Amino acid sequence: MNELPLQGKNAFVGGASKGIGKACAFELARLGARIILVARSSDLLSGLLPQLDRVAQQDHQYLIADYDNPEDLAEKGRELVQQTPIHILINNTGGPASGKIVDATLDAFRQAFERHLICNHLLTRLFLPGMQKGGYGRIINILSTSVKQPLEQLGVSNTIRAAVANWAKTLAGEVASDGITVNNILPGMTITSRLESLIAARAGQEDLPVALVEERLKAEIPAGRFGSAEEIAAAVGFLASPSASYINGINLPVDGGRTKSL
């Protein structure tokens, strides 16, 4: 039997209790990685461990952490890395609330900046020495197609996602010679609880049925449908693998062709 491509690798997956994060955890486990699930809910995470074990028994574990508390996340990350080298870091957490940028409060920007860029950076600094020592590292950031094309009613998200993308591009150039790649996945409209909440908010603002808003959004996508979390995870799995060793510093839309720019 051939060895799985991520056999012997440890993957730290943020926002792993549901949606894209959960799908990424299962995809990486299928490829042979040992998973550290990270989220705020112990109930959800503990319930996922038996499911992961059925995919591949790799002594998976979970870590309860809140990306709105960077100090606590850093402390738990330091404790983890003393015992477990991290080879794959999936930076993923909940996006900012929807709304026009002119209505956004300063605190909304500060919270989003800490949750996304600051937490990404502190985890990277913690895990980077182990990646460098092992000569293998994959840092994959789950962002948004707004990096290429700002989206309406997502002012704070558009701003912060772009900042993270530029952070990642800068980092990619600095660590490439160590066998480490840094890439961004840009999900389009993907079937998750966040998409449901965004559609519901738009339906309320425009006083339209949710079903009509859904159909209008699907009409903007050449594929004619929303994506699945598993389709996002498939792209993550490839970028995490040895096969993607020469792909570095890119923004990869997984959006059914909706983004108009190259």
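No value in this document is a laboratory result; all are computed from the given coordinates. Just so it is clear, the model here is predicted, and its values are computed rather than measured. Positions of Cβ are backbone-derived with ideal geometry, glycine not excepted, and every protein chain shown enters the neighbour counts.
Here are the numbers for the structure shown:
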item	result
Matching strands (runs of 3 or more DSSP E) fully within segment 1-66 where at least 2 residues are over 16 Å from the mean Cα position of the chain (by Cα)	61-64
Any hit, segment 99-115, residues being among the β-branched types (Val, Ile, Thr), under 21 Å from residue 12 (Cβ atoms) and either touching a residue at least 12 places away in the same chain (Cβ under 8 Å) or part of a loop (DSSP other than H, G, I, E, B) (or both)	no
Total residues in segment 188-211, condition within 18 Å of residue 158 (Cβ to Cβ), not in a helix (DSSP H, G or I) and not β-branched (Val, Ile, Thr)	2
Hits in segment 145-194 (condition: among the polar types (S, T, N, Q) and under 19 Å from residue 104 (Cα atoms))	146, 153, 157, 158, 159
Residue count, segment 236-255 (criterion: under 25 Å from residue 192 (Cα atoms) and touching a helix residue (DSSP H, G or I) at 6+ places or on another chain (Cβ under 9 Å))	10
Pairs, first farther than 20 Å from residue 169 by Cα and in contact (Cβ under 8 Å) with a residue 12 or more places away in the chain in segment 247-262, second of a type in the set (Asp, Glu) and surrounded by fewer than 16 Cβ atoms within 10 Å (Cβ to Cβ), C-beta under 6 Å, six or more apart	258/220
Residue satisfying condition, being more than 24 Å from residue 135 (Cα to Cα) and of a type in the set (A, V, I, L, M, F, W, C), within set 29, 56, 25, 74	56
Those residues of segment 178-224 which are within 20 Å of residue 252 (Cα to Cα), aliphatic (A, V, I, L, M) and out of contact with any strand residue (DSSP E or B) (no Cβ under 6 Å at 6 or more places or on another chain), in sequence order	189, 191, 195, 221, 223
Count - residues of segment 19-63 that are among the polar types (S, T, N, Q) and in contact with a Phe, Trp or Tyr (Cβ under 8 Å, 6 or more places away or on another chain)	3
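Residues checked against (1) in contact with a Gly (Cβ under 8 Å, 6 or more places away or on another chain); (2) assigned to a helix (DSSP H, G or I); (3) buried (at least 18 other Cβ atoms within 10 Å of the Cβ):
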residue	(1), (2), (3)
213	no, yes, yes
234	no, yes, no
237	no, yes, yes
246	no, no, no
